[in-house]
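Peer 1: Pasting a structure below so you can have a look.
Every number in this text was worked out from the coordinates using simple rules, so none of it is lab data. No experiment lies behind these values; they were computed from the predicted model shown. Glycine gets a Cβ as well: all are built from the backbone with ideal geometry, and neighbour counts include every protein chain shown.
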Amino acid sequence: MSRAVFLDRDGVINEPVPDARSGRPESPYRPEDVRLAEGAVDALRMLHEGGFVLIVVSNQPAAAKGTVSMDQLRAVHGRVVELLAAHGVELDDWRYCFHHPEGVVPQLTGACECRKPAPGMLLDAAREHDLDLAASWIVGDSDVDIQAGETAGVKTVLVQNPLTEHRRKGAAAQEIVRNLSEAVGIILDSRDR
Ligand SMILES: [Mg+2]
Ligand SMILES: [Zn+2]
């Protein structure tokens, strides 16, 4: 069995950008808005070299809500992959939930088992990649990331990205850091325990 680090995308790997409507920092919806978080490339490389399978698990409900198209979400995904590849980093898997319980696009609307805080994306990936969940981690900047991780039985790191404070209301993570780079030492040390 392998160990994994499940990674939330927005606010962890790439920076949120101000939403045109709310002004709040949210997911980028145009490829040209994608900026990798400082230190993220090196952090991902070290985790990979440390023997962890790296799997993104990201809620992307904007198409379900009708505010952007699936093509835009795919383009943003492609840009994140491209920017990482430009630095020689390739992740093992990318899992997205495109659903929303109260969307307006029928085929993307309704309850699902993948939208965090549900653990579906982690559990599916664990089956596919033969993962040891108890030896795996999730790193995310929202309460729902921590809750999904707890339910799946992985260890949890909360990234307190100052831009996404509105996504945290006190979920109790095992570790709290300021960015992905700070999580690397904690996660790599856990291999010896
Ligand atoms: Mg996030
Ligand atoms: Zn879903």
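Peer 1: Would you please list the contacts, defined by Cβ atoms under 7 Å and residues six or more apart or on different chains, that run from a residue in the range 14-33 that is in contact (Cβ under 8 Å) with a residue 60 or more places away in the chain and within 20 Å of Asp71 (Cβ to Cβ) to a residue that is outside any loop (DSSP other than H, G, I, E, B) and not small (Gly, Ala, Ser)?
Peer 2: Matching pairs, first to second residue: Asn14/Leu36; Asn14/Val80.
Peer 1: Further question: Considering only the range 9-33, state which residues are within 14 Å of ligand 1 (Cβ to nearest atom) and not aliphatic (A, V, I, L, M).
Peer 2: If the condition is that a residue be within 14 Å of ligand 1 (Cβ to nearest atom) and not aliphatic (A, V, I, L, M), then Arg9, Asp10, Gly11, Asn14, Glu15, Pro16, Asp19, Arg24, Pro25, Glu26, Ser27, Pro28 are the ones that fit.
Peer 1: Now, a different point. Looking at (1) more than 12 Å from the chain's Cα centre (by Cα); (2) in a loop (DSSP other than H, G, I, E, B), can you tell me which one Val12 breaks?
Peer 2: Here Val12 clears every test but (1).
Peer 1: Does the range 145-166 hold any residues that are within 25 Å of Asp189 (Cα to Cα) and surrounded by fewer than 18 Cβ atoms within 10 Å (Cβ to Cβ), and which are they?
Peer 2: Thr151, Gly153, Gln160, listed by residue number.
Peer 1: Sort out which residues of the range 107-124 are near ligand 2 (Cβ under 10 Å from one of its atoms), touching a His at 6+ places or on another chain (Cβ under 9 Å) and not small (Gly, Ala, Ser), and write them in order of number.
Peer 2: Of everything in the range 107-124, those that are near ligand 2 (Cβ under 10 Å from one of its atoms), touching a His at 6+ places or on another chain (Cβ under 9 Å) and not small (Gly, Ala, Ser) turn out to be Leu108, Cys112, Cys114, Arg115.
Peer 1: Restricting to the range 125-144, name every residue that is within 19 Å of Val12 (Cα to Cα), away from ligand 2 (no atom under 16 Å from the Cβ) and surrounded by fewer than 19 Cβ atoms within 10 Å (Cβ to Cβ).
Peer 2: Asp143
Peer 1: Of all residues in the range 151-172, which are farther than 21 Å from His99 by Cα and away from ligand 1 (no atom under 15 Å from the Cβ)?
Peer 2: Across the range 151-172, the qualifying residues are Gly153, Val154, Lys155, Gly170, Ala172.
Peer 1: Consider only pairs whose beta carbons are under 6 Å apart and that are at least six residues apart or on different chains; among these, list those whose first residue lies in the range 172-186 and is in a helix (DSSP H, G or I) and whose second residue is surrounded by fewer than 17 Cβ atoms within 10 Å (Cβ to Cβ) and among the acidic types (Asp, Glu).
Peer 2: Ile186/Glu175
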